[in-house]
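Encoded as structure tokens, the structure appears first; notes follow it.
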Amino acid sequence: MSKFMNKTNVSPEDPVLQWVTFHLSGETYGVNVMQVQEVLRYSEIAPVPGAPAYVLGIINLRGNVVTVIDTRHRFGLDPGEITDNTRIVIIEAEKHVVGILVDSVAEVVYLRQSEIETAPNIGNDDGAKFIQGVCHKNGELLILIDLNKLLTDDEWADLET
Amino acid sequence: MFSDDQRAVQAYLDDLLAELPSFEPEAKTADLPLAAIRAVPSPNTAPVAKVATKVQVQPRDSHQEALEQVRRQQLQALLDRSPVPQAVTAAPITATPVPLAETVTPVAEAVVEPQVLAATAVQVREDNSWAENGRPLWAQKHFEVLLCRVSGLTLAVPLVALGHIHPLTEQLTPIFGQAEWFMGLQPTPAGQIRVVNTALFVMPERYDPAFVESARYVITIDGLDWGLAIDQVQQPTRLNPEDVTWRGERSKRPWLAGTIKSAMCALLDIPRMGQMLESQDRNRAKASDPLG
């Protein structure tokens, strides 16, 4: 994960990292800006028969087929409606390019590494492994997502097929 | 005629007491120094100030009365400030029993440093042992508890392990992938508080989902960043160890120290609960594991 981090700060002990924030089910999440390739308006997602539940389908991105992951399903959240603000964030993780469906994209925020706190990992739900940390910024709590852990090694490999 | 709340309380206490290997009748409340201080059943929306005014106090020495008055003023001061989404700081509570005079020190803003948190956490764990007389160390002599309402039940929280009282605000942020009883993180001036859905944690079999909407405060465990969501804060009261039916077997509900029949409530073993909560976090367990 560290290889993706944008170390723009001069202080090596406490680098400043940039995060793209988005909303999902009323909460604010952040992903490393270095892993975000682009943000697309919602477009028709073609379902793939036999695909796992966390795969919404595929889209055609300038001639390339990109798998779109159902982020709400992955995080164990209730399904949401598609609105004008719905976006598909194209990300790169574990050498794969995939899209994640979010309610809306907010902004890019700068966070010092020292501002990021360890997230709780309570209970038996494996969903907590997606969370890299949390940070209180501008009056709200950002939940920072480790995109590399969004899928398991096997699941990443399945996307190839 | 009993109300639904009273029936629920009675049924719950009956269940709890049924787990005890032997049950002894409560000490006569008339013998207790503060026996007249009772949890006064109040409407759900009744502020603590009103509850406090209903407390009937029997004649006693002026020193005790003055202390009670100070405690009530402290609590009222906390609650008067609670609607403001700022820090609501309770009287500083030490993790070890202190003389009564020290428990009424003026409310002061607490600056919680991470180092302090760690040091106190250790202290909490060390205090989490029960003496051979079947009582926790913090209850060897008289001790004070804060009565709280949680989804229709009254719970007693020993002040010896109470940290701060913060209002629950819209900033409470749920985190996906956690246990159901984890309500989320509540930002406070002292840092993020991990809020426990007390109703679900304490009585999952009688859980009412409406608690999520009715909970207004979170009381933190001294030295830890864990807090218990509650509906209302009621008055603090002083107990003698004899006022409590201590649990002999605590394997099933380790967080339950005993029951206080005079107040119709359960007494929480907060240090033990704090230890349980800390052990639930796999990230922290991993961090503290020297081999991890």
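The values are calculated or read from the model by the stated rules, or taken from the named source; none is laboratory data. Since this is a predicted model, take the numbers as computed values, not measurements. Here Cβ is always computed from backbone atoms with ideal geometry, including for glycine, and neighbour counts include all displayed protein chains. The area values use the complete protein model at the heavy-atom level, side chains included, leaving out ligands, DNA and RNA. Shrake-Rupley method; radii C 1.70, N 1.55, O 1.52, S 1.80 Å.
A compact table of results
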| quantity | calculated |
| --- | --- |
| Two-site label geometry, residue A:156 and residue A:113: point separation in nm, points 7 Å out along Cα→Cβ | 2.1 nm |
| Drop in accessible area of at least 10 Å² in the complex versus isolated chain, residues of the range A:62-76, 1.4 Å probe | A:75 |
| B:261, A:95, ranked by accessible area, largest first (probe 1.4 Å) | A:95, B:261 |
| Label-to-label distance, nm, for residues given as residue A:92 and residue A:64 (7 Å Cα→Cβ offset) | 0.8 nm |
| Amide proton proximity set for residue B:222, modelled H, under 5 Å, gap of 5+ | B:162, B:163 |
| Hz values of 3J(HN,Hα) by residue in the range B:147-156 - Karplus curve (6.51, -1.76, 1.60), Gly and Pro given as x | 8, 10, 9, 9, 6, x, 9, 9, 10, 9 |
| Per-residue ³J(HN,Hα) for the range A:117-134, Karplus 6.51 cos²θ - 1.76 cosθ + 1.60, θ = phi - 60°, Hz, x for Gly and Pro | 9, 5, 7, x, 9, 10, x, 9, 6, 6, x, 5, 5, 6, 8, 7, x, 10 |
| Inter-label distance, nm, simple model (7 Å from Cα along the C-beta direction), residue A:48/residue B:249 | 5.4 nm |
| HN-Hα J in Hz across the range A:53-69 - Karplus 6.51, -1.76, 1.60, θ = phi - 60°, x for Gly and Pro | 4, 7, 9, 6, x, 10, 10, 9, 10, 6, x, 9, 8, 10, 7, 10, 9 |
| Modelled FRET efficiency - R0 30 Å, residue B:141 with residue B:284, Cβ distances, 0.05 increments | 0.35 |
| Positions from the range B:192-228 whose accessible area shrinks by 30 Å² or more when the full protein complex is built, not the chain alone, probe 1.4 Å | B:192, B:194 |
| Estimated FRET transfer efficiency when R0 is 35 angstrom, pair residue A:73-residue A:138 (beta carbons, to 0.05) | 0.80 |
| Inter-part distance where the range B:145-217 and the range A:13-58 are each reduced to a Cα centre, Å | 32 Å |
| Amide H within-cut-off set for residue B:217, under 5 Å, with H built and near neighbours excluded | B:168, B:230 |
